[in-house]
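The values are calculated or read from the model by the stated rules, or taken from the named source; none is laboratory data. What you see is a predicted model, and the numbers here were worked out from it, not measured in a lab. When we count neighbours, we look across all protein chains shown, and the Cβ atoms used for this are built from the backbone with ideal geometry, even at glycine.
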């Protein structure tokens, strides 16, 4: 379930996404998909393309009367700027004499290794697909997966916790310091949903202003800015994933797909790298039992995963995003035709896309969890899956 494929180039006519298999009877709200596409396009530091594009999804198959049929779901997102790229990206005509080849690769991008691997003398044949524009298609697919998870009361959130060298509080610390505020699901929902109205999706207003000044300063120098965002998943049942083989472990699946997001260079779960420097007594979460709550932990250093399986606590995942490799003050490069020293190519780009990447991170997390939960609870229809899920929750409550 939820195996998917995306296709399309950054400046091509459209992006296409296909979910090969998903349960029948899932209520699918197109506007909720468009809402996620909108969220992906926001954030302080985005470039000029966001003023051109206003992404909307078109569902081509797999849905009737707002419910999935169980057949492949295909979606497209039109490129509003396509008319300006008809000659440069034409799929149905010979290359025109006035179409200039890109031959100066950007450091930090797929340009040079891709050109060598695929024997391309025009780097545009690489950069168009390597572009983060592709994540719009994954965001649409993830939005469908998110609607599936919501039927299981699993909610996915994110916030930015670092821009450049400036850091704000991580979720576990924030939750501990504001225990009363985050005691209820409503309090958590209010905090995270409110971040969509902020410039950087960061919960610290003072830090946000400092981060904006850093972005402006680096932009003025022709530079780009990276950062770290944190994904929080609430409502996970115990036992998603498995300990029996490395490729069945939940963190293996999450890390693999999350590292597949463009510009992501690091992932950690729970205490992550910090935990490596602490004694075991400070890292492992002690287990308690309550007749109302069942098994629980008073801390969550594990980030909601133990032995490759969800343990019922919040999933907490952090991703490090490198600065975008297209710089206004271009770095030095070597031309792939002349071999002469030159400067790197420039494409229309962002200065900082960390807030947007956090939305893509939510989408990819939704995809992994939808795949894993559908595998766990089986069935070809939502009715069957929900029945199996309820039976499992009843079983775990009595264990």
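Can you name the condition, by its number, that residue 78 falls short on among (1) in contact with a strand residue (DSSP E or B) (Cβ under 6 Å, 6 or more places away or on another chain); (2) on the phi > 0 side of the Ramachandran plot; (3) surrounded by fewer than 17 Cβ atoms within 10 Å (Cβ to Cβ)?
Unmet for residue 78, out of (1) in contact with a strand residue (DSSP E or B) (Cβ under 6 Å, 6 or more places away or on another chain); (2) on the phi > 0 side of the Ramachandran plot; (3) surrounded by fewer than 17 Cβ atoms within 10 Å (Cβ to Cβ): (2).
Considering (1) modelled with pLDDT under 95; (2) assigned to a helix (DSSP H, G or I); (3) farther than 15 Å from residue 14 by Cα, say which one residue 149 fails and leave the rest.
Single failed check for residue 149: (1).
Kindly indicate whether any position in segment 284-297 is touching a helix residue (DSSP H, G or I) at 6+ places or on another chain (Cβ under 7 Å), more than 26 Å from residue 137 (Cβ to Cβ), at pLDDT 95 or above and surrounded by fewer than 19 Cβ atoms within 10 Å (Cβ to Cβ).
Among the residues of segment 284-297, not one is touching a helix residue (DSSP H, G or I) at 6+ places or on another chain (Cβ under 7 Å), more than 26 Å from residue 137 (Cβ to Cβ), at pLDDT 95 or above and surrounded by fewer than 19 Cβ atoms within 10 Å (Cβ to Cβ), which makes the answer no.
I need the full set of residues from segment 343-399 which are on the phi > 0 side of the Ramachandran plot and touching a residue at least 24 places away in the same chain (Cβ under 8 Å), in order please.
Passing the criteria: only 379.
With the condition kept exactly as written, say whether any residue in segment 326-334 is under 19 Å from the mean Cα position of the chain (by Cα), at pLDDT 95 or above and assigned to a strand (DSSP E or B).
no
Select, from 231, 206, the only residue that is modelled with pLDDT of 95 or more and surrounded by fewer than 18 Cβ atoms within 10 Å (Cβ to Cβ).
Among 231, 206, only 206 is modelled with pLDDT of 95 or more and surrounded by fewer than 18 Cβ atoms within 10 Å (Cβ to Cβ).
When you go through (1) buried (at least 18 other Cβ atoms within 10 Å of the Cβ); (2) out of contact with any helix residue (DSSP H, G or I) (no Cβ under 9 Å at 6 or more places or on another chain); (3) touching a residue at least 60 places away in the same chain (Cβ under 8 Å) one by one for residue 224, which number turns out not to apply?
With respect to (1) buried (at least 18 other Cβ atoms within 10 Å of the Cβ); (2) out of contact with any helix residue (DSSP H, G or I) (no Cβ under 9 Å at 6 or more places or on another chain); (3) touching a residue at least 60 places away in the same chain (Cβ under 8 Å), residue 224 is out only on (2).
Looking only at strands (runs of 3 or more DSSP E) that lie completely in segment 199-288, which have at least 1 residues being in contact with a strand residue (DSSP E or B) (Cβ under 6 Å, 6 or more places away or on another chain) and more than 30 Å from residue 41 (Cα to Cα)?
238-241
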